[in-house]
Amino acid sequence: MEQADINQADAITTQVLADITAMLSAEDIYTNAVQQQMLESHIRAMVLRSITGEPLPEVDKSLFDEISAESMQLAEQVVDKFATLPIEEAYLLSVHFEVAKDNNQ
């Protein structure tokens, strides 16, 4: 995705959320209302960071050892759409997917 400007943030956020919903649905993963709200908030912030270049705070990768490879892979697919985002974004995003997976058990 090319560098967007701030006026496109809402449209990009909506598109990314639609992509995520389709991606999770294909894996039979569904978010509840609270999880969806948190995911939307995170994606909005992530899109803004991709535009403004604002860095994430330092991320301790060891905190994500419990995250499944599947959730991490899904998160990386989302983050890979943004040329400007560091891989640490995927660590944070993977938590949303991992938590949502528990809804189905």
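I'd like the residue in the stretch 80-105 that is more than 13 Å from GLU27 (Cβ to Cβ) and among the acidic types (Asp, Glu) and, out of all such residues, is least open to solvent (accessible area, probe 1.4 Å).
Within the stretch 80-105, the match that is least open to solvent (accessible area, probe 1.4 Å) is GLU89.
Which of the following residues is touching a helix residue (DSSP H, G or I) at 6+ places or on another chain (Cβ under 9 Å), free of Cβ contacts under 8 Å to residues at least 40 places away in the same chain and farther than 26 Å from ASN7 by Cβ: GLU40, GLU98, GLU54? Before you say what the answer is, go through the steps one by one.
On the way: GLU40 fails: farther than 26 Å from ASN7 by Cβ; GLU54 fails: farther than 26 Å from ASN7 by Cβ.
On inspection, the qualifying residue turns out to be GLU98.
Taking the stretch 47-76, which residues are under 11 Å from the mean Cα position of the chain (by Cα) and farther than 12 Å from TYR91 by Cα?
Of everything in the stretch 47-76, just one residue is under 11 Å from the mean Cα position of the chain (by Cα) and farther than 12 Å from TYR91 by Cα, namely VAL47.
For the stretch 30-79: of the residues being at pLDDT 95 or above, farther than 25 Å from THR14 by Cβ and among the small types (Gly, Ala, Ser), which is least open to solvent (accessible area, probe 1.4 Å)?
Residue satisfying both the conditions and the ranking: SER68.
The values are calculated or read from the model by the stated rules, or taken from the named source; none is laboratory data. Because the structure is predicted, anything quoted here is derived from the model rather than measured. Note that each Cβ is placed from the backbone with ideal geometry, even for glycine, and that neighbours are counted across all protein chains shown. For the accessible areas, the whole protein counts, side chains as well, though only heavy atoms, and no ligand, DNA or RNA atoms are used. Shrake-Rupley method; radii C 1.70, N 1.55, O 1.52, S 1.80 Å.
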